[in-house]
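A short write-up of the structure that comes next.
The values are calculated or read from the model by the stated rules, or taken from the named source; none is laboratory data. Only a predicted model underlies this, so the values are computations on that prediction, with no experimental measurement involved. Quick reminder, even Gly has a Cβ in these numbers, built from the backbone with ideal geometry, and neighbours come from all protein chains shown.
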Amino acid sequence: MECKYCKGKSIKKGFQTGIQKYCCKVCKKYFQGTYTYKLCKEEDNKMIVILNNEGVGICGIARITGMSKANVINKIKYIASKTKLTLPDEEQQEYEMDELCTFIKNKEDTYYIILAINKVTKRVIDFFVGKRTKENINKVISVLILLKHFQLVTI
Ligand SMILES: [Zn+2]
């Protein structure tokens, strides 16, 4: 087995939750031979974006892609952090703030997607994925404030 870090020679070194573990003879790092799913696959991220844009929820995305819900959320957070915001060139528009809530395993561990949408065009002006705190909501509002003559309506 080739080491996934340094491509050196590795030997079998026990099991962890039924998966064969390997130890590299060169860099001494441990790794597993097969992964149930590959992390950080570009296609996965694209698929998540497509499914999300189609309105598929986190549970649905997890079922379709075979990823865990926690992994889907982590990927969405990652994609969100890499998404560059281009401020639309519009004035005198009305915007709506909306939020979607989801949780992993227990209801105490909730995550929110906080959105600001143009009321007419439905264009998403900004969004934030994370905990529902005043600070995080303000991150979305602060973008709206940059727009000229906006009006905020709540739904
Ligand atoms: Zn190695």
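General remarks:
- When residues in the stretch 111-141 are screened for being hydroxyl-bearing (Ser, Thr, Tyr) and over 24 Å from Asn74 (Cα atoms), 1 of them pass.
- Segments classed as strands (runs of 3 or more DSSP E), wholly inside the stretch 86-155, with at least 3 members that are at pLDDT 80 or above: 94-103, 110-118, 124-130
- Scope the stretch 77-116; condition in contact with a Cys (Cβ under 9 Å, 6 or more places away or on another chain) and either without any contact (Cβ under 8 Å) to a residue 40 or more places away in the chain or loosely packed, with under 15 Cβ neighbours inside 10 Å (or both); matching residues: Tyr78, Thr110, Tyr111, Tyr112, Ile113
- Residues in the stretch 13-35 that are modelled with pLDDT of 85 or more, more than 12 Å from the ligand (Cβ to nearest atom) and more than 30 Å from the chain's Cα centre (by Cα): 2 in all.
- Matching residues, the stretch 57-76, being surrounded by 17 or more Cβ atoms within 10 Å (Cβ to Cβ) and closer than 27 Å to Leu144 by Cβ: Ile58, Ile73, Lys75, Ile76
- Scoring Lys46 on the criteria (1) at pLDDT 90 or above; (2) within 28 Å of Ser81 (Cα to Cα) leaves a single failure, condition (1).
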